[in-house]
Amino acid sequence: MKTRITELLGIEHPIIQGGMHYVGLAELASAVSNAGGLGVITGLTQRSPELLAKEIARCKDMTDKPFGVNLTFLPMFNAPPYPEYIAAIIEGGVKIVETAGRSPEAYLPALKQASIKVIHKCTSVRHALKAERIGCDAVSVDGFECGGHPGEDDVPNMILLPRAAEELRIPFVASGGMADARSLVAALSLGADAINLGTRFVATREAPVHENVKRAIVEATELDTRLIMRSLRNTERVLNNASVAELTEIERSKGAMLIIEDIHDHVAGVYPKGMIDGDMDAGAWSCGMVAGLIHDIPSVRELVDRIMTGAQSIIRDRLTAMLDAAN
């Protein structure tokens, strides 16, 4: 299947693995790329540019296909050494970068000079248009359903994607609620050029996370996520657990007086405890509503193959049959 995204990135299938903290390691990224999609290493999971360089080298040993690196620009007092991380990406020969968080504008010249394609994650059309204006090659449009940070506009993908198609000239990727062949066909019909799978790829055999994480996703329904940090305007969609229940009670009691220090223990340093140690109640960890559509833990290749086979079947058989029946 050819789309503007497959052509731009040099991949076989319009399927991208999202950058996820303590999930986007070489094992998963290489598996997605080997299956014909675009695997993505999460840059800041690596605690130094030197460690990122090693992770890129590990991934190159596992695949000869294109893969990317996610780099999230965080609002920190002690910001990571982004120029050094970018240097590691460039020196590692990576040609695709997914940026997220704050605007990547200050870092685009260095990335562009290295002929790197930049996909910026956005949660609104206005932010996507800004990314287009500053020179990003594509955007990932994240609907309200997504795990992690859905922004503050609360617009789901059935509205957000066609609005993006109306406004954007550059290719865009649909993210949030994407799980299967139906997701791909729906996203393409709404104007997207590919889909981004986050939570769905966590529940695969190659995902380098504890089995408790995978089982928790499979056992969850579409009703089992919660939105936290809304009053801080840093909304995050997470899977409900004991720690999240405590966090939301703190938010309820503090109301408009909530400060980040009130919930620090529930959100800081959580991912190693959950993803590596398997402690599902250690704190709040990102998960999309799409958990309700995830019922198994296949290999990455099995998942990608059935998405593509299923999408072709939906388009050629079900949809075409509807047109034939009307004639």
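The values are calculated or read from the model by the stated rules, or taken from the named source; none is laboratory data. Here the structure is a predicted model, which means the values were calculated and not measured. Glycine also receives a Cβ, built like all others from the backbone with ideal geometry; neighbour counts cover every protein chain displayed. Calculation scope for accessible area: heavy atoms of the full protein, side chains included, ligands and nucleic acids excluded. Shrake-Rupley method; radii C 1.70, N 1.55, O 1.52, S 1.80 Å.
Check each of the trypsin sites (Lys or Arg not before Pro) in the range 176-210 and keep only those in coil by DSSP with at most 11 other C-beta atoms within 10 angstrom; list them in order. Provide the component values of the computation, followed by the final result.
Working: sites: Arg182, Arg200, Arg205; in loops: Arg205.
Filter output for the range 176-210: empty list.
Of the labelled figures (1) 156; (2) 133; (3) 176, only one reflects volume of the Cα convex hull per residue in Å³ as derived from the coordinates, namely (2).
Restricting to bridges with both residues inside the chain, how much of the DSSP beta-bridge set is antiparallel, in percent to the nearest 5? List each step's numbers first, then the result.
Working: 6 of 34 bridges.
Roughly 20 percent of the beta bridges in the chain run antiparallel, per DSSP.
Rounded to the nearest 20 debye, what is the charge dipole size of the range 55-108 about its Cα centre when +1 sits on each Lys and Arg Cβ and -1 on each Asp and Glu Cβ? Show your work: numbers first, answer last.
Numbers: 5 positive and 7 negative charges, 20 e Å.
Its charge dipole is roughly 100 debye.
The residue among His264, Tyr85, Val218 whose Cα reaches farthest toward the positive pole of the charge dipole of the chain, with charges on the beta-carbon of Lys, Arg, Asp and Glu, is Tyr85.
In the range 80-157, which GluC sites (Glu not before Pro) are in a loop and have at most 15 other Cβ atoms within 10 Å, using DSSP for the loop call?
Working: sites: Glu84, Glu91, Glu98, Glu105, Glu132, Glu145, Glu152; in loops: Glu145, Glu152.
Here the sparse-neighbourhood loop sites are Glu152.
Dividing the mean sequence gap of close Cα pairs (under 8 Å, 6+ apart) by how many residues the chain holds gives a relative contact order of 17 percent. With a simple spin-label model that places each label point 7 Å from the Cα along the Cα-to-Cβ direction, the separation between Asp61 and Arg306 comes to 3.2 nm.
How big is the dipole moment of the range 142-265 about its Cα centre under a simple scheme where the beta carbon of each Lys and Arg is +1, that of each Asp and Glu is -1, and everything else is neutral? Debye, nearest 20, please. Kindly include the intermediate steps, with their values, before the conclusion.
Values: 13 positive and 21 negative charges, 53 e Å.
Roughly 260 debye for the range 142-265.
Near Ile297, no amide H atom lies under 5 Å from its own; only residues 5 or more places off or on other chains count, and H is placed 1.01 Å from N. Under 20 Å from a label point 7 Å along Cα→Cβ of Glu249: give me every residue in the range 213-229 with its amide N that close. What the label zone holds, given the 20 Å backbone N cut-off, is 224-229.
With charges only on Cβ, +1 for K and R and -1 for D and E, what is the dipole size of the chain about its Cα centre, in debye, rounded to 20?
Values: 33 positive and 42 negative charges, 160 e Å.
The dipole magnitude comes to about 760 debye.
Taking each residue as 0.36 nm, the span from Arg318 to Gln113 lengthens on full extension beyond its C-alpha to C-alpha distance by 69.2 nm.
Which order do Lys2, Lys112 take when ranked by solvent-accessible area (1.4 Å probe, heavy atoms of all protein chains), largest first? Present the calculation step by step, with values, prior to reporting the outcome.
Details: Lys2 170, Lys112 80 Å².
Largest to smallest exposure gives the sequence Lys2, Lys112.
What is the gain in length, in nm to one decimal, between Ile159 and Ser231 on full extension, counting 0.36 nm per residue of separation less the C-alpha to C-alpha distance? Before the final figure, lay out each step's value.
Details: separation 72, 0.36 × 72 = 25.92 nm, distance 2.44 nm.
Here the segment from Ile159 to Ser231 would lengthen by 23.5 nm.
Between Lys2 and Arg169, the simple label model (points 7 Å from Cα in the Cβ direction) yields a spacing of 2.3 nm. Note on Met257 and Ala87: with the Förster distance fixed at 41 Å, the Cβ-Cβ geometry gives a FRET efficiency of about 0.45.
Couplings for the range 255-260, taken from phi via the Karplus curve 6.51 cos²θ - 1.76 cosθ + 1.60 with θ = phi - 60°, read x, 5, 8, 4, 10, 4 Hz in order; Gly and Pro are left as x.
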